[in-house]
Amino acid sequence: MISFAQLRGSAEEQAARLPPLLAQAEHLAGTVLLGEHGRRRAGMGDDFWQYRPVQPGDSTRMIDWRRSAKTGSQFVRQREWQVAQSVMLWVDQAASMGFSSDKALPSKGDRARLLTLALAILLIRGGERVGLTGTLLPPRRGEGQILRLTEMMLRDEGGDYGSPEARAMLPHARALFVSDFMGDFDSFEAALTKAADRGVLGVCLQVLDPAEESFPFKGRAIFESMGQTLSHETKKADDLKARYLERLAERKERLRGLCRLTGWHYGTHHTGESAQSALLWLHRALERRT
Amino acid sequence: MIFGLPIGFAAPWVLAALVVLPVLWLILRAIPPAPVRRMFPGVVLLLGLKDDDTVTDRTPWWLLLLRMLALAAVIVGLAGPVLNPDEPSDGNGPLLIVMDASWASAADWEARRTMVEALLDEAAREGRSASLQRLTAPQEVRFQPADAWLSRLAGVTPMPWEPEAAAVAAWAEELAGQDFDTVWLSDGLARDGRDDVLKALQEAGSVRVVETGRGVIGLQTPAFEDGKVLLTARRSESALERGVSVQAVGTDPGGSERILATLPMDFEAGEDVAENALVLPAELRARVTRFEVQGLRSAGAISLTDDSLRRREVALIAGREDREGLQLLSPLHFLRQALVPTADILEGALGDVLPANPDVVVLADVAVLSAGEEAALLEWLDQGGLLLRFAGPRLAASEISRTDEDPLLPVRLRAGGRSVGGAMSWGEPKSLAPFSEDSPFFGLSVPEEVTVTAQVMAQPDPTLAERVIASLSDGTPLVTRKEIGQGQVVLVHVTANAEWSGLPLSGLFVQMLDRLAVVSSNSADMAEQMAGTSWQPLKVLDGFGRLEDGQTLPGVPGEALLEGALNADVRPGLYREGDRLMALNVVQNDAELVAMRWPADVPVEGLRGAVSRDLSGYLLAAALILLAADVLASLAVSGRLWGARVAGALMALVLVAPVHEARAQGADAHARDVALAHVLTGNRTIDDTALAGMRGLSETLFFRTSVEPGEPASVDLERDELAFYPILYWPITQEQPTPSREAYGKLNDYLRSGGMIVFDTRDADVARFGASSPNGRKLQSLAAGLDIPPLDPLPADHVLTRTFYLLQDFPGRYDSHDVWVEAAPPDAELIEGMPFRNLNDGVTPVIIGGNDWAAAWAVDARGNTLLPVGRGRAGERQRELAYRFGVNIVMHVLTGNYKSDQVHVPALLDRLGQ
């Protein structure tokens, strides 16, 4: 049983982390909003869309009497697309995301959370419903959702490598998977196909550390996963470099192929690069089929 | 020797361990550096990858080499390498090291000691027992482990004398029947009995002799002749030309020792004596305490001086003292002028002067002496005095020495004397004849212009011819001399002034006086003088020529001193008996320094230049350094040498040094900063208040003026140095102890050297200045021992009223006007148009008042005032004035009468027309 003091302490700790992340994300989102200024999006379905003649099956309640009275035939007033898009987010919270090769670089997880939250802010401001995959936080609108998302994102998951949650996907929703995709490839494949089966389109953003791209190691070394469940010893790390890069490229290629197959977008982001360009790309990629 | 290098090993078999180095190379090469653990999420992609190369990543060759070198250094270091190893000596029995240890070996004693150390080291390594003997202090030969002698080596010093033949012979006799090898460190001088000792040593075993071959230089006792100091140096090796310089060392007028003159002395090739004469003014000559050969640390290179160079005391006595003011006619005027530069002059009645035992008594035209005076003079003459008499009208008119020779006159005199060349006489004034060879004046040139117009005449006697030491051109005696006991009487047949002759006006007069005075020094028969006397050593020389106090040594009989044989009882040095001083020097005047010629069968070596040195320490240190480098290199190779670690290591190295410097501060802080101080009274409350007051005043000064005092000090008059503090605040309590005599001495020094004491009786609320209060009376008793000038109430134009602030009130916690300072000089007057009188030129040494200033100044550590002053705002104003007064006091102490000088500025500007 956690004591009150401990609870309070960890709560304070969490609360202390929350505003910076949120502020960073708001800041990041702000930069994008500025660039997209003036774009109006469909609202809550209050806007007029078109009149159409009454078809069989339309209930009499749907007839717009004023329009009908003007013309003599009966019209139904259609509003603009009543159903807002639901965007489901999945951010890999596993231990492997906590890696950063340099103190000056943010960890992959931090960058992933930042991007995701910033995107969520953008989407929510745009009137979309945003939530997490799975059943924990279904998509909702409103500013309050941003806080809830932030809170959820700060929860660490156990495990060395994460696998996406593809349950309870809303049909035809949008989805964003952010991860280093170092984990079991089959689980990604399964999740993606499952999502695609339900008509969910989306984006896979692979966040990698520069060290993971360049493999700058030499000499005798024991490589361990962040959770220390996996390890690999080598006597000459520099010999492994070519083969590692080959494998990395192969994995990226498989991921890209999978995305192409399912109609998803695939992108790579390195923590050494600016978050803003990644956010722009994400935003456009999500918008493309919107 | 190894590969031609002068290196040997103490434990050569350890070097066999070097064989393992190649093996170790292979092993170390096979062992890869420890793996680095790295967190890396990409490890998933690595799983299943195999290393291409089955051979491990090797340790870099240079790292291996580093480690090999470190190991090799350890192995070689443990093998005990020795640079310049001593040649293995032939014997392995006991080793006897004989040192002459005389003054002659002191000059290169360090080399000798190093050599002995090396010999003992070697003996210790070989496990030989050894014995170290000094022939100047021979002892029974006892062989002990060489290590034991090594520890005693520091105390082995040369003696200021030479080995005594008899003692050495006795010592050599005891050696018979023993078996040992000998190394003889000779000083290079030949002396009696050496061959016998050598024979005895050779019987016991092999003998090696070690000599420098550079020869020995000694300085003889200086002689004083013809106003010059004759210095003679001797040497033992006469082959080459060599120059030394001799320094005359003495005290300057301040009493500190310094070099008064330097004289070069050159030995010609083939000569073993060098002589030179030093001409010194008498003033300087009298101060010379010793001559020494520059740069030679040896008792033989020092020659102490004694009475023979001392200034003489001359008593001047004239017969006629009735006329005043006619200086040039005074019979003593010319004598005084001639003698003052070269002698100490005593004047007074004969009875007063004689007990001072002057060297010379001059009687100028004194005819009759009382019987008592005559007896005293005779006794004094008997002990070696010189009585110099001048003739004159009185002597000529008197009847003494007319029929019988007066004991105090060298000749009988004719009545009336004679007058030549005068208005009433025939003939020309007579000039002087050249001095004959047996005259003490021989060699002095006779100037033409010296003529004699009147003189007293000697009656022809059988002894007259031998008593004349100077005569006129017509052969009449001018100066006659007679010996009485050890002394002598000299009569100059003319006056000491210019009445009868031109002699006193000439330079010859001075030269003749000089000659006569010189003759009067210790030249009499020494043996008789020395017999039965006992001389106390004042200073004695050690072997290196350093002077040591000899007062604790027993007295030495005069005969032994005269004999000059030096040993442990008769040390070279300065001796005293009564008023007489005598120097006994190492190199006697008749002693020759002769180099020792050793028999051909004795091997003679020089002092070994290259000393064997143990190198193992260096090698082991090198191994440590290499291992430290290996740590860094290993870190670098495995990628763990981070900047922080390097910086840390470097910082650790750099920081080691300054740690020592960080101490030793604080003690002299007061010497560097201005610091206010108060006197500890023993009353805790008052002391605390005084310290707090000093702190408050210091802070005020710091904030308001350019004076930035340090932390104030509490001064214990008995223990602390006062000179650091410009000002002492002295609160008076009734129960404080009166300072000791030493403390008063310090306080008076402090006051005279510009310090200021502020006395505060702290009772101005109840008492006026003076003895009206208990504190006032206490102040009077305390200040009785102080050198305090007359005091005045602080005048309105005193410089204290304007050193920083313009003040007319000097309140502290109490506001009394009774503040007293040094009185103004009586002639200080107010000049028209000047606002101030020009008062004291210095700083008033005391300020006396009772306003309890410290209490008004006192602040705590946070700067809050400690004690209330007055009431309300008026009180704060009073406190402010108290601070201002304090600032003025400190400014006055630090700037003196600077603000007094400012009053002249308007006048100066006015005169310059501006």
Checklist entry - Out of curiosity, is B:Val353 out of contact with any Cys (no Cβ under 7 Å at 6 or more places or on another chain) and either touching a residue at least 60 places away in the same chain (Cβ under 8 Å) or not in a helix (DSSP H, G or I) (or both)? => result no
Checklist outcome for this item: region B:62-146: strands (runs of 3 or more DSSP E) wholly inside it with 3 or more residues that are at pLDDT 85 or above are B:95-99, B:129-134
Next on the checklist: Considering only region B:243-260, I want to know if a residue exists there that is under 16 Å from B:Leu593 (Cα atoms) and more than 26 Å from the chain's Cα centre (by Cα).
Outcome noted: no
Item to check | Selected residue (only one of A:Pro106, A:Pro138 is within 19 Å of A:Arg174 (Cα to Cα), in the same structural domain as A:Met169 (by TED's automatic domain parsing) and not aliphatic (A, V, I, L, M)) | outcome: A:Pro138
Checklist outcome for this item: Contact list, first residue from region B:477-505 and over 13 Å from B:Ser431 (Cα atoms), second anywhere and hydroxyl-bearing (Ser, Thr, Tyr), beta-carbon distance below 6 Å, six or more apart or interchain, is B:Leu491/B:Thr480
Checklist entry - Counting only residues that are surrounded by fewer than 14 Cβ atoms within 10 Å (Cβ to Cβ) and touching a residue at least 12 places away in the same chain (Cβ under 8 Å), how many does region B:537-553 have? => result 1
Checklist entry - Got a number for residues in region B:249-296 being out of contact with any Lys or Arg (no Cβ under 6 Å at 6 or more places or on another chain) and of a type in the set (Phe, Trp, Tyr)? => result 1
Checklist entry - For residues in region A:229-276 being without any contact (Cβ under 8 Å) to a residue 12 or more places away in the chain and not in a helix (DSSP H, G or I), which is farthest from the other protein chains (Cβ to nearest Cβ)? => result A:Ser274
Checklist entry - Under the condition of being among the small types (Gly, Ala, Ser) and surrounded by fewer than 18 Cβ atoms within 10 Å (Cβ to Cβ), which residue from region A:235-271 is nearest to B:Val637 (Cα to Cα)? => result A:Ala242
Item to check | Options A:Arg148, A:Arg174; residue that is within 22 Å of A:Ala285 (Cα to Cα), basic (Lys, Arg), more than 14 Å from chain B (Cβ to nearest Cβ) and surrounded by 15 or more Cβ atoms within 10 Å (Cβ to Cβ) | outcome: A:Arg174
Item to check | Close pairs (8 angstrom Cβ cut-off, 6 or more residues apart or separate chains): assigned by TED's automatic domain parsing to the domain that holds B:Ala858 in region B:680-701, at pLDDT 90 or above and of a type in the set (Asp, Glu) anywhere | outcome: B:Leu680/B:Asp687; B:Thr681/B:Asp687
Next on the checklist: Give all pairs with beta carbons closer than 9 Å in which a residue from region B:871-900 that is touching a residue at least 60 places away in the same chain (Cβ under 8 Å) and in the same structural domain as B:Gly754 (by TED's automatic domain parsing) meets a residue that is of a type in the set (Val, Ile, Thr) and surrounded by fewer than 17 Cβ atoms within 10 Å (Cβ to Cβ); count only pairs at least 6 apart in sequence or on separate chains.
Outcome noted: B:Val887/B:Thr705; B:Val890/B:Thr705; B:Met891/B:Thr705
Next on the checklist: Need pairs with beta-carbon distance below 8 Å; first residue facing chain B (nearest Cβ under 9 Å) and within region A:194-222, second of a type in the set (D, E, K, R) and part of a helix (DSSP H, G or I); sequence gap 6+ or separate chains.
Outcome noted: A:Leu208/A:Lys108; A:Asp209/A:Lys108; A:Phe215/A:Lys241; A:Phe217/A:Asp238; A:Phe217/A:Lys241; A:Lys218/A:Asp238; A:Gly219/A:Asp238
Checklist entry - Do we have any residue at all in region B:745-756 that's over 43 Å from the mean Cα position of the chain (by Cα) and either under 26 Å from B:Asp688 (Cα atoms) or in a loop (DSSP other than H, G, I, E, B) (or both)? => result no
Next on the checklist: over 12 Å from the mean Cα position of the chain (by Cα), in a helix (DSSP H, G or I) and closer than 30 Å to A:Ser231 by Cβ: is that true of A:Asp156 in this structure?
Outcome noted: no
Item to check | Of residues in region B:168-208 being charged (D, E, K, R) and under 24 Å from B:Arg235 (Cβ atoms), the one surrounded by the most Cβ atoms within 10 Å (Cβ to Cβ) | outcome: B:Asp187
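For every residue, the table says whether it meets (1) of a type in the set (Gly, Ala, Ser); (2) more than 16 Å from the chain's Cα centre (by Cα); (3) part of a loop (DSSP other than H, G, I, E, B); (4) modelled with pLDDT under 85.
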| position | (1), (2), (3), (4) |
| --- | --- |
| A:Thr135 | no, no, yes, yes |
| A:Tyr161 | no, yes, yes, yes |
| A:Pro164 | no, no, yes, yes |
| A:Leu170 | no, no, yes, yes |
| A:Ala175 | yes, no, no, no |
Next on the checklist: Please pick out the residue among A:Thr262, A:Thr229 that is under 21 Å from A:Ser101 (Cβ atoms) and either β-branched (Val, Ile, Thr) or outside the structural domain of A:Ala191 (by TED's automatic domain parsing) (or both).
Outcome noted: A:Thr229
Checklist entry - When region B:149-166 is examined, which residues are found to be of a type in the set (A, V, I, L, M), surrounded by 15 or more Cβ atoms within 10 Å (Cβ to Cβ) and under 26 Å from B:Gly93 (Cβ atoms)? => result B:Leu150, B:Val156
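The values are calculated or read from the model by the stated rules, or taken from the named source; none is laboratory data. Only a predicted model underlies this, so the values are computations on that prediction, with no experimental measurement involved. As a convention, Cβ positions derive from the backbone with ideal geometry for all residues, glycine included, and neighbour counts pool all protein chains shown.
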